[in-house]
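Heads up, the thing below is written out as structure tokens.
The values are calculated or read from the model by the stated rules, or taken from the named source; none is laboratory data. Worth saying up front: this structure is predicted, and the values here are computed from it rather than measured. Here Cβ is always computed from backbone atoms with ideal geometry, including for glycine, and neighbour counts include all displayed protein chains.
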């Protein structure tokens, strides 16, 4: 986990001047837990006394371990941040508070903001991950079911070799039957004058009929 740190620079712009590395220090924290951050003070001017105080908004959440320090060159001050369990989910109530820094016995006073950002606990992350995995599994299951349905539909319309042979025989028989009935119709309704022609037509019709019977036997 990355260490949270605030840089404070004294006397860089003039006597007792105060500057901050971060105007807003964001601190991620889970409800019911605590963390810490460090204020690294660098003095570019004469040695001076530095005093820390907290704004009302964060007095119950932040504690500066050393609120007064005499800085010659560099000093490090630790602070502890606690977020009570009662704040769980109440993101709007966390708010933003100020830490005031004064130098030169109060000659100069400035502040930077501390923003506590509630982070989700491990269990919440696991639940979110489980939910996402379940949704992905549902999508995969749906895709598998769709594939099965497509295969079934494809199988329904698939014609086997025996069925192809049967359909072919049926088609040939249908054509032969049409020719037979055409000849029969022609003989009945268009009686030819020649007996030879009549015999030939009847023979053709008979042969077609015999072909149909033998072909489908």
Q. Within the range 38-45, is even one residue loosely packed, with under 13 Cβ neighbours inside 10 Å and under 14 Å from residue 100 (Cβ atoms)?
A. no
Q) Assuming residue 33 fulfils every condition listed in (1) in contact (Cβ under 8 Å) with a residue 40 or more places away in the chain; (2) surrounded by 15 or more Cβ atoms within 10 Å (Cβ to Cβ) apart from one, which condition is it? A) (2)
Q | the range 153-162: number of residues that are surrounded by 10 or more Cβ atoms within 10 Å (Cβ to Cβ) and modelled with pLDDT of 70 or more | A | 0
Q. Which of (1) in a helix (DSSP H, G or I); (2) more than 23 Å from the chain's Cα centre (by Cα); (3) modelled with pLDDT of 65 or more; (4) surrounded by 11 or more Cβ atoms within 10 Å (Cβ to Cβ) is the odd one out, the single condition residue 171 does not satisfy?
A. (4)
Q) Restricting attention to the range 108-123, which residues are modelled with pLDDT of 85 or more and either within 27 Å of residue 31 (Cα to Cα) or out of contact with any strand residue (DSSP E or B) (no Cβ under 9 Å at 6 or more places or on another chain) (or both)? A) 111, 112, 113, 114, 115, 116
